[in-house]
Amino acid sequence: MIESGQWEPKIIAFCCNYCAYAAADLAGSKRMQYPASVRIIHSPCTGKIEMEHILEAFEKGIDGILVAGCLEGGCHFLEGNLRARKRTDRIREILDQIGVGGERLKMVNLSAAMAPTFVERVREIVEAVRALGPNPLKKSVGAP
Amino acid sequence: MIVASPKPVTELKKLIARHDKVLFVGCGTCVTVCLAGGEREVGIASYAMRMARKIEGQPLELTQITIERQCENEFIKDLAEPASKTDAIVSFGCGAGVQAIAERFPHKPVYAALNTQFLGILEEQAVWTEKCLGCGDCMLAEFGGICPVTRCAKRMLNGPCGGSTEQRCEVDADRPCAWQLIYTRLKNINQLDRLDTIVPPKDWRPSWHAGARKIVRPEHRV
Ligand code: SF4
Ligand code: SF4
């Protein structure tokens with residue numbers, strides 16, 4: 001079993017190409033530090049992230065997911081990020097109902113220039129998930 | 001088409017609580033179009049159920065399949081093999097689909113994953129509205145093609161009622177007054193004279209009030 005203090009939550013950040021990924025990239029260029037346990041998945045638009053992608057990641061044992069898209073009104077595909085928000089809201093409901101916990105999924109909107117916000121949101125979700133503990137599915141999934 | 005909506009995840013979980021090997025069956029026709037019971041919805045429900053059960057320490061062995069139409073034996077046949085390996089079937093079809101499968105598998109529990117709602121149309125993305133009750137004696141011609149039996153909250157055949165305001169229904173302001181629609185439509189097609197005739201009480205005998213109906217068409221029988 002994982003002892004508290006040693007355990008680092010594993011987080012996926014789905015980042016849209018036009019804003020969030022650029023913000024994450026900028027954070028890297030500026031040598032800003034954020035927890036190393038966060039893995040970025042580069043997505044064309046948050047609107048392309050299907051509910052199945054998120055559910056699959058949770059089933060496989062990920063501890064938390066951050067969906068990061070453009071500012072509202074700033075989506076390169078006009079409303080991909082608005083759709084993503086509705087979908088994440090729905091998945092959060094499902095996660096609550098099945099006992100995984102909706103708090104493990106968050107969505108954030110930022111522009112390509114908002115590297116500090118990106119880092120801050122990443123830190124926030126890592127802390128939130130750390131407080132929740134490991135994904136309850138992990139016990140039965142084996143090593144994540 | 002038939003419009004249905006998914007049952008809450010918590011209810012679905014209860015439905016299958018006593019089974020460990022379950023077959024989830026989607027339907028490729030109406031409920032796929034209304035985003036309630038097609039391949040995708042079956043997939044999403046499957047993720048949810050597998051996770052819920054793993055967390056409870058009672059893992060679920062789940063098989064998923066989506067057939068063209070659950071209301072036809074021809075397609076239900078495809079379920080024979082996967083069904084033989086499971087304890088129960090959950091149908092994501094409309095009520096007719098669920099029952100068609102249950103008839104085909106008399107010794108297997110078959111559950112409904114959806115709430116079948118109505119005969120309706122897609123109004124805009126992800127918004128459906130009811131248009132027909134399937135009353136068995138269609139009167140649309142008399143009302144310019146707008147059904148008061150279904151769309152007037154009071155089912156008035158000689159409307160409108162006194163509550164019709166600003167073209168909205170007094171029972172639910174979210175809904176247009178069916179009788180306002182009928183009036184406008186009859187006017188547009190130059191048939192306002194139809195409103196001069198008092199429509200007699202509807203003959204409900206062809207409707208469902210005496211139990212399930214059956215249609216036999218001898219000319220197509222073999
Ligand atoms: S009159 Fe009957 S069959 Fe015709 S649309 Fe209305 S409910 Fe349907
Ligand atoms: S307001 Fe119109 S639709 Fe509503 S009950 Fe009266 S006549 Fe029927």
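The values are calculated or read from the model by the stated rules, or taken from the named source; none is laboratory data. Quantities reported herein were computed from a predicted structural model and do not represent experimental measurements. Cβ sites come from the backbone with ideal geometry, for glycine too, and all protein chains shown count toward neighbours. Surface accessibility is based on the protein's heavy atoms, side chains included, excluding ligands, DNA and RNA. Shrake-Rupley method; radii C 1.70, N 1.55, O 1.52, S 1.80 Å.
In percent, how large is the relative contact order of chain A, given Cα pairs closer than 8 Å and 6 or more residues apart?
On the way: 245 pairs, mean separation 48.5, N = 144.
After rounding, I find 34 percent.
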Taking Cα atoms, how many degrees apart are the long axis of helix A:20-29 and the longest axis of chain A, rounded to 10 and kept between 0 and 90?
90
Using the Cβ atoms and a cut-off under 9 Å, what net charge is assigned to the surroundings of B:A153, where Lys and Arg are +1 and Asp and Glu are -1?
+2
Counting only heavy atoms of the protein chains, get the accessible area per residue of the protein assembly as shown (1.4 Å probe) and round it to a whole Å² value.
55
Given the protein assembly as shown, what percent of its DSSP beta bridges are antiparallel, to the nearest 5?
30
Tally up the carbon and sulfur contribution to the accessible surface of region B:1-110 as a whole percent, 1.4 Å probe, everything protein left in place.
51
Label-point gap, in nm, between B:R40 and B:E61 - each point 7 angstrom along Cα→Cβ
3.1
Relative to chain A, whose Cα atoms define the longest principal axis, helix A:115-132 and its Cα axis are tilted in degrees, nearest 10, by 20
Going by amide H atoms built from the backbone, whose H comes under 5 Å of the H on B:L119, apart from near neighbours?
B:V3, B:K131, B:C132
With all protein chains present, calculate the accessible area of A:S29 using a 1.4 Å probe and round the result to the nearest 10 Å².
80
May I ask for the net charge around B:I76, where only other residues with Cβ less than 15 Å from the Cβ of B:I76 are counted and Lys, Arg are +1 while Asp, Glu are -1?
-2
What do the square roots of 5 times the Cα gyration tensor eigenvalues come to for chain A, in whole Å, largest first, as semi-axes of the equivalent ellipsoid?
25, 19, 11
Let me know the number of lysine pairs in chain B closer than 23 Å at the Cα, not counting same-chain pairs under 8 apart.
26
Listing of region A:52-89 residues, each with accessible area lower by at least 50 Å² in the full protein assembly than in the chain alone (probe 1.4 Å)
A:E52, A:L55, A:E59
With just the Cα atoms defining each centre, how far is region B:158-222 from region B:61-114? Give it in Å.
36
Interface residues, region B:27-54 - accessible area loss of 50 Å² or more versus chain alone, probe 1.4 Å
B:R40, B:I44, B:Y47, B:M51, B:K54
With every protein chain in place, the residues of region A:94-142 shedding 20 Å² or more of accessible area versus the chain by itself (probe 1.4 Å) are A:I94, A:Q97, A:I98, A:P136, A:L137, A:S140
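Counting Lys +1, Arg +1, Asp -1, Glu -1, what net charge surrounds B:F92 among other residues with beta carbon under 13 Å of its beta carbon? Intermediate results must be reported in sequence, preceding the final value.
On the way: positive: B:K7, B:R40, B:R69; negative: B:E39, B:E41.
So the environment of B:F92 carries a net charge of +1.
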If you take the accessible area of B alone, add that of A alone, and subtract the area of the pair, what total do you get in Å², probe 1.4 Å, to the nearest 100?
1500
Helix axis angle, A:80-98 relative to chain A longest principal axis, alpha carbon, degrees
10
Residue-level accessible surface for B:D78, protein heavy atoms, 1.4 Å, Å²
90
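Restricting the count to DSSP beta bridges whose residues both fall in chain A, what percent are antiparallel, rounded to a multiple of 5?
The antiparallel proportion sits near 5 percent.
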Counting only protein heavy atoms, what percent of the accessible surface of region B:135-206 is carbon or sulfur at a 1.4 Å probe?
49
